[in-house]
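Asks: Starting off with a structure, shown below.
The values are calculated or read from the model by the stated rules, or taken from the named source; none is laboratory data. Here the structure is a predicted model, which means the values were calculated and not measured. Quick reminder, even Gly has a Cβ in these numbers, built from the backbone with ideal geometry, and neighbours come from all protein chains shown.
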Amino acid sequence: MLHTTEVSETFPGVRLPSHSGGLPVEVTLIAQLAPGQGDPLIADAARRQRGHPGFVDAHDEPSSRIGAMDLARGDPSSLYTFSVGPGGHPFHRHAGNRMFTAVSGSAGAQLRFSTASQAQLDADPAAFVRALHLVDIPPDCLFTVRFGGGTWHQFVSRSPALPHPALFALSCHPDELSGELPADVRRRVLDNAADIPSLTELLPPAVQALLDAALRAPARIATTSLSLHMPPMSLAARVCAGVRAWTGRLRRRLPARRASGFRTENVGRRQVDRIVPPPGSLLQVQLPGAGHEDAVAVCLEAAECAGARPATAMAALLEGFVANPPSGVTRLMALRNVLVRPFGLRTSPLGCPASSLLSDEAPGHFAGRFPVLAERASADGDCVEVVLGADDRHLAFRSCIRVEALPGGGLRCAMATRVRTRNRFGRFYLATIRHVHMAYIAPAMLQLAVDHAVRALGVGAAAGSASARPRGPGTVAAQPQSMNCSLANSA
């Protein structure tokens, strides 16, 4: 069999014209990973894919939808992951255009395409085989694929008898509603409930029989082999492929570090202001003669609040103190717990301003869930307050969490804390932690709780105020001010 080889100074690729006049099939190699890296990379990605809420395992093509449409904003695109094992998946097609980036396994992958249209198949099923073209991808490679709707395709490992996966891919569906979708599938897409199996049409059995016969003589099928660093048919390429396959099997047998995924966010986009607790606050009747008092507040714009009333936002805020504590505060509390345990003092994983949310000893529960010492709402519901706190051998503290409506639909979330010491150790302890509490603990806890509340209220993280000057959780704007919240039932 004659072969021709071209040298490329850029990304090697192939562009296959459509036999039915549609969009061409385009395959491009981008880079090659270290020998044997494809198999463990695919195994790790496939494990994470199985844990995704949108995971579906059908047609030998496990997949997950990681990015849904947003038709309300005019975006009909979706993002998927999918993996293909050694034996490949069935030949199939989709109504819409597809484009994806993938990593091949350590034995390489073979991409099979047929651009015969439905009309051509109806006239002559053998048109499928005449339009068939194979593309060989080398082992451990990053590559891209793009093709039009209606393109039949199948992906398999180049060595299906060996335990190497074919590929793992990140696939973009630019328009889930494009193409000739059956009515039930279109309804599912409009309901934003589509997945790869529901958008898949398998090859008819009669055509599959013709394909099986053709694949028994693969040398007679048009094939393009792509490679990096060396010609595909060279001895060096074959040796390299063997080494990569052996290395991939070895690396797959080594104990894998099954690390979790992590996400860290910079929450400094919302400014935390130091304030003066207003007259009439529930805090004013707590701990008479307290030796310390501080307060911080965060203002939310109307777009961040999703129309939520203060009582609803308060529940989300209290949940945020428990579910979204700052990691730095958690570490400080762990250290503090170790240091004070010999003295028989109270311990908690949460910072003291909100630690009583983990206590079972409270006279009341806000929204039936959150333990509080006291709560109050204005007659019009525009201002809601709750009091948290605990008593210990060395000091007692009370925190007043307050959510009030602002003109224009925004909200102000505030946290004020009072501390009364009980002995010399309490005064020493307060003097030691006072600066850290005011400069970092209180603003950080409020800021992350507010972030959690905004997400819980259904507003995307990008809806933060563009005009607010960014500040880190350890920085407070030293701008004492009063809270303009008028309570119908003042203390």
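Asks: Which of the residues belonging to segment 42-74 are within 30 Å of Ala116 (Cα to Cα) and without any contact (Cβ under 8 Å) to a residue 60 or more places away in the chain?
Replies: Hits for segment 42-74 are Asp57, Asp60, Pro62, Ser64.
Asks: Given the structure, is Leu203 crowded, with 18+ Cβ neighbours inside 10 Å, more than 22 Å from Arg15 (Cβ to Cβ) and touching a Phe, Trp or Tyr at 6+ places or on another chain (Cβ under 8 Å)?
Replies: Values: crowded, with 18+ Cβ neighbours inside 10 Å: yes; more than 22 Å from Arg15 (Cβ to Cβ): yes; touching a Phe, Trp or Tyr at 6+ places or on another chain (Cβ under 8 Å): yes.
Judged against the criteria, Leu203 is a match.
Asks: A further question follows. Can you say whether Phe155 is of a type in the set (Phe, Trp, Tyr), in the same structural domain as Gln37 (by TED's automatic domain parsing) and either in contact with a Lys or Arg (Cβ under 6 Å, 6 or more places away or on another chain) or not in a helix (DSSP H, G or I) (or both), as far as the supplied structure shows?
Replies: yes
Asks: Any residue in segment 339-349 that is surrounded by 17 or more Cβ atoms within 10 Å (Cβ to Cβ), assigned by TED's automatic domain parsing to the domain that holds His394 and outside any loop (DSSP other than H, G, I, E, B)?
Replies: yes
Asks: I've got another one for you. Would you please name the residue that is farthest from Thr224 (Cα to Cα), looking only at residues in segment 129-152 that are in a strand (DSSP E or B) and among the charged types (D, E, K, R)?
Replies: Per the criteria, the residue is Arg146.
Asks: Oh, and also: Within segment 395-408, is even one residue part of a strand (DSSP E or B), out of contact with any Phe, Trp or Tyr (no Cβ under 8 Å at 6 or more places or on another chain) and exposed (fewer than 15 other Cβ atoms within 10 Å of the Cβ)?
Replies: Scanning segment 395-408, I find no residue that is part of a strand (DSSP E or B), out of contact with any Phe, Trp or Tyr (no Cβ under 8 Å at 6 or more places or on another chain) and exposed (fewer than 15 other Cβ atoms within 10 Å of the Cβ), so the answer is no.
Asks: While we're here: Quick check: anything in segment 145-159 among the polar types (S, T, N, Q), at pLDDT 95 or above, more than 25 Å from the chain's Cα centre (by Cα) and over 24 Å from Thr5 (Cα atoms)?
Replies: So far as segment 145-159 goes, yes, one or more of its residues are among the polar types (S, T, N, Q), at pLDDT 95 or above, more than 25 Å from the chain's Cα centre (by Cα) and over 24 Å from Thr5 (Cα atoms).
Asks: Out of everything in segment 160-195 that is in contact with a Pro (Cβ under 7 Å, 6 or more places away or on another chain) and farther than 17 Å from Asp60 by Cα, what residue ends up being surrounded by the most Cβ atoms within 10 Å (Cβ to Cβ)?
Replies: Checking each candidate, the answer is Glu176.
Asks: A further question follows. So Ala45 fits all but one of (1) surrounded by 18 or more Cβ atoms within 10 Å (Cβ to Cβ); (2) under 28 Å from Thr10 (Cβ atoms); what number is the exception?
Replies: Failed condition: (1).
Asks: State which residue pairs qualify: first residue closer than 11 Å to Val298 by Cβ and inside segment 270-282, second residue of a type in the set (S, T, N, Q) and not in a loop (DSSP other than H, G, I, E, B) in any location, beta carbons under 6 Å apart, and separation of 6 or more residues or different chains.
Replies: Going by the 6 Å Cβ cut-off, the qualifying pairs are Val272/Gln447.
Asks: Kindly indicate which of Val329, Val322 is buried (at least 18 other Cβ atoms within 10 Å of the Cβ), in the same structural domain as Met445 (by TED's automatic domain parsing) and either at pLDDT below 90 or in a helix (DSSP H, G or I) (or both).
Replies: From the options Val329, Val322, the qualifying one is Val329.
Asks: To continue, here is another question. Give Val436, Val476 a once-over and let me know the one that is over 27 Å from the mean Cα position of the chain (by Cα), at pLDDT 50 or above and not assigned by TED's automatic domain parsing to the domain that holds Ala354. Spell out the reasoning first.
Replies: Numbers: Val436 fails: not assigned by TED's automatic domain parsing to the domain that holds Ala354.
So the residue among Val436, Val476 that is over 27 Å from the mean Cα position of the chain (by Cα), at pLDDT 50 or above and not assigned by TED's automatic domain parsing to the domain that holds Ala354 is Val476.
Asks: Assigned to a helix (DSSP H, G or I), in contact with a Pro (Cβ under 7 Å, 6 or more places away or on another chain) and either farther than 18 Å from Cys172 by Cβ or in contact (Cβ under 8 Å) with a residue 60 or more places away in the chain (or both): does that describe Asp39?
Replies: yes
Asks: Can you tell me how many residues within segment 132-150 are surrounded by 24 or more Cβ atoms within 10 Å (Cβ to Cβ) and hydroxyl-bearing (Ser, Thr, Tyr)?
Replies: Here the count works out to 0.
Asks: Filter segment 386-421 for residues that are polar (S, T, N, Q) and under 34 Å from the mean Cα position of the chain (by Cα) and give the result.
Replies: Matches in segment 386-421: Ser399 only.
Asks: Turning to a different aspect of this structure: Does any residue of segment 5-12 turn out to be touching a residue at least 12 places away in the same chain (Cβ under 8 Å) and either surrounded by 15 or more Cβ atoms within 10 Å (Cβ to Cβ) or in contact with a Ser or Thr (Cβ under 6 Å, 6 or more places away or on another chain) (or both)?
Replies: Scanning segment 5-12, I find at least one residue that is touching a residue at least 12 places away in the same chain (Cβ under 8 Å) and either surrounded by 15 or more Cβ atoms within 10 Å (Cβ to Cβ) or in contact with a Ser or Thr (Cβ under 6 Å, 6 or more places away or on another chain) (or both), so the answer is yes.
Asks: Scan segment 287-314 residue by residue and report those that are small (Gly, Ala, Ser) and either crowded, with 20+ Cβ neighbours inside 10 Å or not assigned by TED's automatic domain parsing to the domain that holds Ala442 (or both).
Replies: Ala295, Ala297, Ala308, Ala313
Here is a yes/no grid of residues against (1) within 21 Å of Trp152 (Cβ to Cβ); (2) hydrophobic (A, V, I, L, M, F, W, C); (3) outside the structural domain of Ala194 (by TED's automatic domain parsing); (4) in contact with a His (Cβ under 9 Å, 6 or more places away or on another chain):
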position: Asp70; (1), (2), (3), (4): no, no, no, no
position: Asp75; (1), (2), (3), (4): no, no, no, no
position: Val84; (1), (2), (3), (4): yes, yes, no, no
position: Val135; (1), (2), (3), (4): yes, yes, no, no
position: Cys141; (1), (2), (3), (4): no, yes, no, no
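Asks: With Val25, Val84 as the choices, which residue is modelled with pLDDT of 90 or more, in contact with a Lys or Arg (Cβ under 8 Å, 6 or more places away or on another chain) and on the phi < 0 side of the Ramachandran plot? Reasoning before the result, please.
Replies: Numbers: Val84 fails: in contact with a Lys or Arg (Cβ under 8 Å, 6 or more places away or on another chain).
None of the others qualify; the one that does is Val25.
Asks: Moving on to the next point. Across segment 97-131, which residue is surrounded by the most Cβ atoms within 10 Å (Cβ to Cβ) among those that are under 13 Å from Ala222 (Cβ atoms) and over 38 Å from the mean Cα position of the chain (by Cα)?
Replies: Ala131
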